[in-house]
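Read the structure below first, then the notes.
The values are calculated or read from the model by the stated rules, or taken from the named source; none is laboratory data. This is a predicted model, so every value here is computed, not measured. Positions of Cβ are generated from backbone atoms using ideal geometry, with glycine treated the same way; all protein chains shown enter the neighbour counts.
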């Protein structure tokens, strides 16, 4: 029998994970370059173009920030929920619910922006919370699996958006398809087309990291997620904590929807969530349960999305972009797993090996 | 050594099915088995009895090839054997049915029987497998429905599948780990009938059990393990439950009086700090796990709770710490009725709790040492002020606890599961002692510790007593119980049989009580 040369450890040091992730990304870029070269594209030209249109230019950076903004919030939404051991797969739906609520306020009320915007923000947060309320109560009081319930509500929210944008709220002014009219108010811009939602999202993520590590509530959430039995033993009201965390999670995703509708798109549109909710799950997985890690994870995801758009302008189909995203994430997952292994110092003398 | 000649009913010259000679198995810092000799003859049901941690499971894992022993030999039918895997053991005719079944829930009974079996036909339709299963089931007298899915079966039916799976592979020695733990009384009766039929064909059974009355009913001989060593093998006919209980727990007891109070120690408080009045608990299956228990806890006193594991100790612990709601009866804290079971209320009242399965229920293994040490004091200053959590203050607390517990911790930010089990246990004990200003409920606090650490742990308990805290000390170890307790209560079938004065208590009385005999039958003077 061959002696095992590697041993799997239950926890992997952060440094090793980082190194292996970088290796994974570089390797996947090589694979992508190889495939592109075989299909007649020039990887070098393409890489140059992508770099120039993302990190290498002001417009690229602005686009990156706009992509990051919703990803930060949906990633934080999934991470917060994960801290207590639950999966919010419904950030997509809560995103729509927040966007719908904010749009409703903007279309229904009239007033100056400094009044409307705060009301829209609150409406967006409440919309996201409302969308996760049923899964929350079902989880807390009946033990219903939140993965299924939050996921299914995504489809309802998405279809509701289509209904509103083609029905009662359709654009009667410019006749845009599957869209409301342009909202009368917008989140002010801060830098080029980047609106103030972006720095606010960053601040929120940092604040969440502090809340989780520096408050009693955060402590209770962490204990509840790591071992519910120990939480009960310590007298922590686990059910109440589940409710508060899930509502917070829904509120964050709802806020992402409000920012998107009021800061970036300026209209409610069918399909506008653009998978930001689902990509929030990816961001959370990349962040490995740490709120602060959500920032670099969202940046990586935004880079991938942005590069995808550039590639689409070069006659590469959207599914190629999706495949590339999948490949990079797959390689990162392998890197994460490999980080758990460490070589075992062999104790058997070399001559003995059969 | 108890070398035995061929027992009656076995042809002279027949070797035992299984002979163990001087088996030793060691884990880092723990002697799991040492010098264990065991003979199991054809046509016998052999019970293996012992406390938790006595080494029964390790020994059976050695016999079935899961572990390799460091010392000693395994002899089958007179020939020495070494097993490097469970597959080799089953090929040699040794089959084990574990307490937690190892069946594929989504497969049918027939599929489970044939899974990983080298005699299974290469190409087998469900009909063929079901026919084969039916034939096996009839041959061994364990009725099963071959086409049923395992997830639709009751625990008793699943166990039959598990047994059949072993028997189909021609096991001649069947090892069963606590087989009746999940069964209803009717199912237990059926199992025992089937085991007797199996024995009648000249096969052997080793049955691991805690339930003394069942051991008396089913077994021909009993071997008792304690502290990893075999204490003796007895003919069941010569035994009774009380004697078994006493042998199981009572090593040669060295009585050291740790009841004496030093100068300045708090006296026993006249008014009880906590009282249970006729408390009963019924579990989800409708079984009364705690029956009509009344007791008073006084500050400055250690109340020992003795009894064979699984007789209501867990429920008593949980009721005393607010983790489990009572079905009837009253709980009073300082004379005030406790309305609802809420662990937070009990913590606030100064009730500490070292739970039995502390590594599972008192710690969050993936979180840091510091985070875990703050579990009891995080809501209070200096860690918790104005709803905040002061990580620095928590770090100071963790450092204090680790120092008192004499555990060296290289990095307080590392997950607590990186520490050894013994160290985790010491930390939990110290953490709980810190908050136990009124009552400490300690369930098996010494389990798994080495002798030096046990003495330290008992010292913690007497120190708390001297500070005027009421200590409830639940243990299987009568020596420890007798040495530190002021009074000893004995649990049997969820009932608190009797509370006796530890100084006057003797092994015989406690043994009888643990076997379910009323104290009134034995020693009228010593009751209450």
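Step by step: first the residues of the stretch B:48-90, then only those that are surrounded by 21 or more Cβ atoms within 10 Å (Cβ to Cβ) and farther than 24 Å from residue B:165 by Cα, then the one that is farthest from the chain's Cα centre (by Cα). Which residue is that?
My answer is B:69.
Residues that are in contact (Cβ under 8 Å) with a residue 24 or more places away in the chain, more than 12 Å from chain B (Cβ to nearest Cβ) and within 23 Å of residue A:293 (Cα to Cα): does the stretch A:174-195 have at least one?
Checked against the condition, which is being in contact (Cβ under 8 Å) with a residue 24 or more places away in the chain, more than 12 Å from chain B (Cβ to nearest Cβ) and within 23 Å of residue A:293 (Cα to Cα), the stretch A:174-195 yields at least one hit.
Among the candidates B:407, B:428, which residue alone is in contact with a helix residue (DSSP H, G or I) (Cβ under 7 Å, 6 or more places away or on another chain), under 29 Å from residue B:470 (Cβ atoms) and either surrounded by fewer than 24 Cβ atoms within 10 Å (Cβ to Cβ) or modelled with pLDDT under 90 (or both)?
B:407
Give the stretch A:119-175 a look and list any residue that's outside any helix (DSSP H, G or I) and out of contact with any strand residue (DSSP E or B) (no Cβ under 8 Å at 6 or more places or on another chain), or say none.
Filtering the stretch A:119-175 down to residues outside any helix (DSSP H, G or I) leaves A:143-145, A:167-175.
Correct list: A:143, A:144, A:145, A:167, A:168, A:169, A:172, A:173, A:174, A:175.
For a quick check of your reading: which strands (runs of 3 or more DSSP E) sit entirely within the stretch B:279-393 and have at least 3 residues that are away from chain A (no Cβ under 12 Å) and touching a residue at least 12 places away in the same chain (Cβ under 8 Å)?
B:288-298, B:302-306, B:328-333
In the stretch A:205-237, what residues are surrounded by fewer than 17 Cβ atoms within 10 Å (Cβ to Cβ), within 16 Å of residue A:293 (Cβ to Cβ) and more than 7 Å from chain B (Cβ to nearest Cβ)?
A:206, A:207, A:210
Considering each residue of the stretch B:410-425, count those that are at pLDDT 85 or above, more than 14 Å from chain A (Cβ to nearest Cβ) and in a helix (DSSP H, G or I), and give that number.
1
Each row is one residue, and each column tells you yes or no for (1) in a helix (DSSP H, G or I); (2) surrounded by fewer than 14 Cβ atoms within 10 Å (Cβ to Cβ); (3) modelled with pLDDT under 90.
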residue: A:30; (1), (2), (3): yes, yes, no
residue: A:40; (1), (2), (3): no, yes, yes
residue: A:65; (1), (2), (3): yes, no, no
residue: A:69; (1), (2), (3): yes, no, no
residue: A:74; (1), (2), (3): yes, no, no
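Which condition does residue B:114 not pass, out of (1) farther than 22 Å from residue B:94 by Cα; (2) buried (at least 19 other Cβ atoms within 10 Å of the Cβ), if it passes all the others?
(1)
Going by what's in this entry, would residue B:398 be described as free of Cβ contacts under 8 Å to residues at least 24 places away in the same chain and either more than 12 Å from chain A (Cβ to nearest Cβ) or not in a loop (DSSP other than H, G, I, E, B) (or both)?
In short, no.
Does the stretch A:244-254 include one or more residues that are away from every other protein chain (no Cβ under 14 Å) and within 30 Å of residue B:354 (Cα to Cα)?
Checked the stretch A:244-254: at least one residue is away from every other protein chain (no Cβ under 14 Å) and within 30 Å of residue B:354 (Cα to Cα).
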